[in-house]
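> I'd like to ask some things about the structure below.
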Amino acid sequence: MNEIEKYIDNQFFIIDSNNLNSVESKLFGFAIYNENIIFANDMNENIKLNGDGVYVRILKNENEIYISQDFNGSYGIYLYDDGSQFVISNSFIKLVDYLKDKYHISINNDVALSFIPSDLCSIVYTQTMINEIEFIPRNHVIKININNRTLKHKKINYNENTIPIDSKEGIEILDNWFYKWISIFRKLKMKTNDLKIDLTGGFDSRIVFALLLNSNIDLNKINIYSVNDEMHREDYEIASIIAKKYNFKLNMPFIKKDIKINDIQNSINIIYNVKLGFHKYFDFPKTINKNPVYYFGGFGGESLREYWKVRPKDYIKTCKDRAAKYSEEFVAPTINVLINSFKQLQKDFSIEDEQSKKLTELLYKEVRNRNHFGKIAVTYYLTNQIKLSPLLDYNLHKIKKSDFDENLLFALIFTRYCPELLDIKFDNEKSLNKDTIKYANEINKKYPFNIKDLTYISDPIEMINKNNIVFSEEDYYNQINPDEFIENVFLSNAFKQTFEMHFSSNLYSKIINEVQNKKFQPLSLVHASIAVLKIINAVNYNNEKFSKNQFDWLNGFLKIKKFEDNQLNSNILDKIIKYDIARLDIKNKGNRINNINIISISDKFSKIMTPDWFSDDEGKGYVIESHANKINIKFKCLNDGELNISLKSKDIRDKNRKHFPIFIDFTKFIINEEEILKTNELVHCNKPYIYKKIVKNNEIINLELEWLPFNSNSLYEIK
């Protein structure tokens, strides 16, 4: 293991309940303490952290271990607990790799399958792709009793969203936040020019820029950065207007001392150890900064203003529609994990209305914030970029969103500390309501503010307490492009064959199309697929290692299924599997808008299709194929109609396109606990068994079905 490998490995921990005595106190990441940025070498047991920063902290005393995390839960704390032993890590992937040859693990199919079509990161609250691993909520701390080897985690009360902004206490919190971050800017500027500040056309980065303006430092000695490309054209134009108004230059040359990451494995490990299975956009680092660069942005600001104001059912529909574009089989898992996440959030935050828009806002704050902004901040830290957002300050989140206007906090910040910034337009025709600005000014009159005089700071005047990273020169050499490497892996025949043991060739083709045509993050689906296959591989290894007999090993081959086309990666199985595929044609007949909504399906690898020929003026039809020999399907009928279910075999044809009869022996068929079949039904594609039932709008149907291929007990009589 070379120096960079050791450096990366030391950023993560594994705590096993069987080895608690070997645990040592340590800070992973960085924290903000007394308006200073502190690292592991600055820590001692007397320092009390309050959530500011990007960290997981292990604090050990004589008989107890405390594991705490930053306010946003950026790293994530991952807990395996089977009731007799537990293992904890700040990396999901490293925890899985540790567990796979020590303790039993199993895959959570819904979480795994929902991740592939997700937007840019996981949408799951506390579940992970491994059933036995919990993603501890961001506002929880873990306490371990060393002698008893027991563990519990409890919620921290940050008093979020409790204090009215138009109250004296609310204004005091706001002013204290303002001066705190001005002090952080100034303390850093007195020690280094290695500051980088994002500036876009949006609300959030401009709030941070308002703090920077008031810190009275030389803006031309730091890097105020705005992306200048076609995708961010409006952002750059607005940032240029701001730069001209305040007489500074954008994108000043940034002199950094970099350490080249010595091989591709280290670049990939930095990202995979943090993001794999939780985020889909990967920017593989090629260098690590020798000295820390302090990177300020407005990330997380969405949680403080009006954003994601939709009902859970509407958000579920958006995600469901996106999943359906890739494969119908992703739809049910996506719905399942979202329903489960919303139920957990409803319980944890005591929200009565299951369709409250607050639940969707919470999903953003409790899930997306940490999986997106948090994971990015951790990967930045691992390359010695200290990513900071004043809008993730835990004190600012004490302020309650105003019933008058949820954007009142932002209006108050602008009018109170830098009103002239409101004279410059925002991107995408966004604006703050005039009545909201008027009300903010009324609050300012009630609680007036006068900024303190601050001396001007141009150049650093003292050495910073640096988080220096030093590696020997002999490790320096260029590496190949990690993105090209990942793309080549995905395009390889070996990977394609493995992929198509679990997914369809159709999905593989769709991903290839994105790789070739998508301009921004074209490998996002590749990374998601790799994450799921990585977990499948770990679980298969684990199951084989802990199988109790040879039958378990043999039976494992029969459990290998696919999403859609069921073409197993075996010439023999490919020839015989068609004789065991049951087909269900389901249609709620009525008018053009008649449909069904598949709520759940037990065979996660069945093929679900909605062919054009099956959708007409009588409604939308579904064709489901499975070779699991047993399937349970729960679906909702949309609109009154006549439910038609045809039990068939797969449509097989010869080289002249003539039907070739494949017989399937249906042994059980139950609808809503009513047994439909009195005897076995032998069918083929052109001689189906047809079931009909009058149904009402929103009626739930529970279908149970079992079958065998044609066998010696089948009765060869087609009715």
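> Are any residues in the range 83-129 assigned to a loop (DSSP other than H, G, I, E, B) and charged (D, E, K, R), and if so, which ones?
First, pick out the residues of the range 83-129 that are assigned to a loop (DSSP other than H, G, I, E, B): 83-85, 90-91, 100-106, 108, 116-120, 122-129.
Answer for the range 83-129, where residues must be assigned to a loop (DSSP other than H, G, I, E, B) and charged (D, E, K, R): 100, 101, 102, 119.
> Within the group 18, 46, which residue is surrounded by fewer than 22 Cβ atoms within 10 Å (Cβ to Cβ) and either in contact (Cβ under 8 Å) with a residue 24 or more places away in the chain or assigned to a helix (DSSP H, G or I) (or both)? Steps first, answer last, please.
Details: 46 fails: either in contact (Cβ under 8 Å) with a residue 24 or more places away in the chain or assigned to a helix (DSSP H, G or I) (or both).
Every option except 18 fails the conditions.
> Moving on. If we scan the range 593-616, do we find a residue that is surrounded by 21 or more Cβ atoms within 10 Å (Cβ to Cβ) and touching a Leu at 6+ places or on another chain (Cβ under 8 Å)?
yes
Yes or no, residue by residue, for (1) of a type in the set (Ser, Thr, Tyr); (2) modelled with pLDDT of 95 or more; (3) under 26 Å from the mean Cα position of the chain (by Cα); (4) within 26 Å of residue 63 (Cα to Cα):
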site: 93; (1), (2), (3), (4): no, yes, yes, no
site: 107; (1), (2), (3), (4): no, no, yes, no
site: 124; (1), (2), (3), (4): no, yes, yes, no
site: 142; (1), (2), (3), (4): no, yes, yes, yes
site: 145; (1), (2), (3), (4): no, yes, no, yes
site: 160; (1), (2), (3), (4): no, yes, yes, no
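> Among the residues of the range 663-719, count how many are of a type in the set (D, E, K, R) and either touching a residue at least 60 places away in the same chain (Cβ under 8 Å) or loosely packed, with under 12 Cβ neighbours inside 10 Å (or both). Full working, then the answer.
Taking the range 663-719 first, the residues of a type in the set (D, E, K, R) are 665, 668, 673-675, 678, 681, 687, 692-693, 696, 699, 704, 706, 717, 719.
Narrowing the set further to residues that are either touching a residue at least 60 places away in the same chain (Cβ under 8 Å) or loosely packed, with under 12 Cβ neighbours inside 10 Å (or both) leaves 673-675, 678, 692, 696, 699, 704, 706, 717, 719.
So the count comes out to 11.
> Right, here's the next one. Could you count how many residues in the range 599-640 are of a type in the set (Val, Ile, Thr), in a strand (DSSP E or B) and at pLDDT below 90?
Taking the range 599-640 first, the residues of a type in the set (Val, Ile, Thr) are 599, 601, 608, 610, 623-624, 631, 633.
Within this subset, residues satisfying the condition of being in a strand (DSSP E or B) are 599, 601, 608, 623-624, 631, 633.
Applying the additional criterion that residues be at pLDDT below 90 yields 599, 601, 608.
Residues flagged as of a type in the set (Val, Ile, Thr), in a strand (DSSP E or B) and at pLDDT below 90 within the range 599-640 amount to 3.
> For residue 29, work out the one condition from (1) assigned to a helix (DSSP H, G or I); (2) touching a strand residue (DSSP E or B) at 6+ places or on another chain (Cβ under 8 Å); (3) farther than 25 Å from residue 545 by Cα it doesn't fulfil.
Result: residue 29 fails condition (1) only.
> I'm trying to understand the selection: among the residues of the range 174-191, which are of a type outside the set (D, E, K, R) and either touching a Gly at 6+ places or on another chain (Cβ under 7 Å) or crowded, with 19+ Cβ neighbours inside 10 Å (or both)?
Just the residues of the range 174-191 that are of a type outside the set (D, E, K, R), to begin with: 174, 176-179, 181-185, 188, 190.
Of everything in the range 174-191, those that are of a type outside the set (D, E, K, R) and either touching a Gly at 6+ places or on another chain (Cβ under 7 Å) or crowded, with 19+ Cβ neighbours inside 10 Å (or both) turn out to be 174, 177, 178, 181, 182, 184, 185, 188.
> Go through 402, 431 for me and flag whichever is outside any helix (DSSP H, G or I) and either touching a His at 6+ places or on another chain (Cβ under 6 Å) or free of Cβ contacts under 8 Å to residues at least 12 places away in the same chain (or both). Give the steps one after another, and end with the answer.
Numbers: 402 fails: either touching a His at 6+ places or on another chain (Cβ under 6 Å) or free of Cβ contacts under 8 Å to residues at least 12 places away in the same chain (or both).
Unique residue meeting the criteria: 431.
> Does residue 348 count as in contact with a Pro (Cβ under 9 Å, 6 or more places away or on another chain) and farther than 16 Å from residue 315 by Cβ? Full working, then the answer.
Values: in contact with a Pro (Cβ under 9 Å, 6 or more places away or on another chain): yes; farther than 16 Å from residue 315 by Cβ: yes.
Yes, satisfied.
> If I filter the range 204-232 down to residues being part of a helix (DSSP H, G or I), within 28 Å of the chain's Cα centre (by Cα) and of a type in the set (D, E, K, R), which single residue comes out as surrounded by the fewest Cβ atoms within 10 Å (Cβ to Cβ)?
Taking the range 204-232 first, the residues part of a helix (DSSP H, G or I) are 204-214, 219-221.
Applying the additional criterion that residues be within 28 Å of the chain's Cα centre (by Cα) yields 204-208.
Next, only the ones that are of a type in the set (D, E, K, R) stay: 204, 206.
Values: 204: 21, 206: 24.
My answer is 204.
> If I ask for residues that are part of a strand (DSSP E or B), touching a residue at least 12 places away in the same chain (Cβ under 8 Å) and either surrounded by 11 or more Cβ atoms within 10 Å (Cβ to Cβ) or in contact with a Leu (Cβ under 6 Å, 6 or more places away or on another chain) (or both), which ones from the range 138-154 would you list?
To start, the set of residues in the range 138-154 that are part of a strand (DSSP E or B) comprises 140-145, 150-154.
Still in the list and also touching a residue at least 12 places away in the same chain (Cβ under 8 Å): 140-145, 151, 153-154.
Of everything in the range 138-154, those that are part of a strand (DSSP E or B), touching a residue at least 12 places away in the same chain (Cβ under 8 Å) and either surrounded by 11 or more Cβ atoms within 10 Å (Cβ to Cβ) or in contact with a Leu (Cβ under 6 Å, 6 or more places away or on another chain) (or both) turn out to be 140, 141, 142, 143, 144, 145, 151, 153.
> Here's a follow-up. Can you list residue pairs whose Cβ atoms sit under 6 Å apart, with the first residue in the range 58-80 being of a type in the set (D, E, K, R) and the second being surrounded by 22 or more Cβ atoms within 10 Å (Cβ to Cβ)? Count only pairs 6 or more apart in sequence or on different chains.
Hits for this filter: 70/51; 70/53; 70/54; 70/55.
> If I go through the range 69-80 residue by residue, how many of them are in contact with a Ser or Thr (Cβ under 9 Å, 6 or more places away or on another chain) and either within 16 Å of residue 130 (Cβ to Cβ) or of a type in the set (S, T, N, Q) (or both)? Give the steps one after another, and end with the answer.
Applying the first criterion (in contact with a Ser or Thr (Cβ under 9 Å, 6 or more places away or on another chain)) to the range 69-80 yields 72, 75-80.
Okay, now just the ones that are also either within 16 Å of residue 130 (Cβ to Cβ) or of a type in the set (S, T, N, Q) (or both), so 72, 76-80.
Final tally of qualifying residues: 6.
> Now, a different point. From the list 391, 338, exactly one residue is crowded, with 16+ Cβ neighbours inside 10 Å, among the aliphatic types (A, V, I, L, M), assigned to a helix (DSSP H, G or I) and not assigned by the TED database to the domain that holds residue 298. Which is it? Spell out the reasoning first.
Values: 391 fails: not assigned by the TED database to the domain that holds residue 298.
From the options 391, 338, the qualifying one is 338.
> Please pick out the residue among 66, 75 that is in a strand (DSSP E or B) and within 15 Å of residue 26 (Cα to Cα). Let's see the steps before the verdict.
Details: 75 fails: in a strand (DSSP E or B).
Residue meeting the stated conditions: 66.
> Name the one entry in 332, 324 that is crowded, with 17+ Cβ neighbours inside 10 Å, within 17 Å of residue 635 (Cβ to Cβ), of a type outside the set (D, E, K, R) and modelled with pLDDT under 95. It would help to see each step written out before you state the result.
On the way: 324 fails: crowded, with 17+ Cβ neighbours inside 10 Å.
Testing whether each residue is crowded, with 17+ Cβ neighbours inside 10 Å, within 17 Å of residue 635 (Cβ to Cβ), of a type outside the set (D, E, K, R) and modelled with pLDDT under 95 leaves just 332.
The values are calculated or read from the model by the stated rules, or taken from the named source; none is laboratory data. Quantities reported herein were computed from a predicted structural model and do not represent experimental measurements. As a convention, Cβ positions derive from the backbone with ideal geometry for all residues, glycine included, and neighbour counts pool all protein chains shown.
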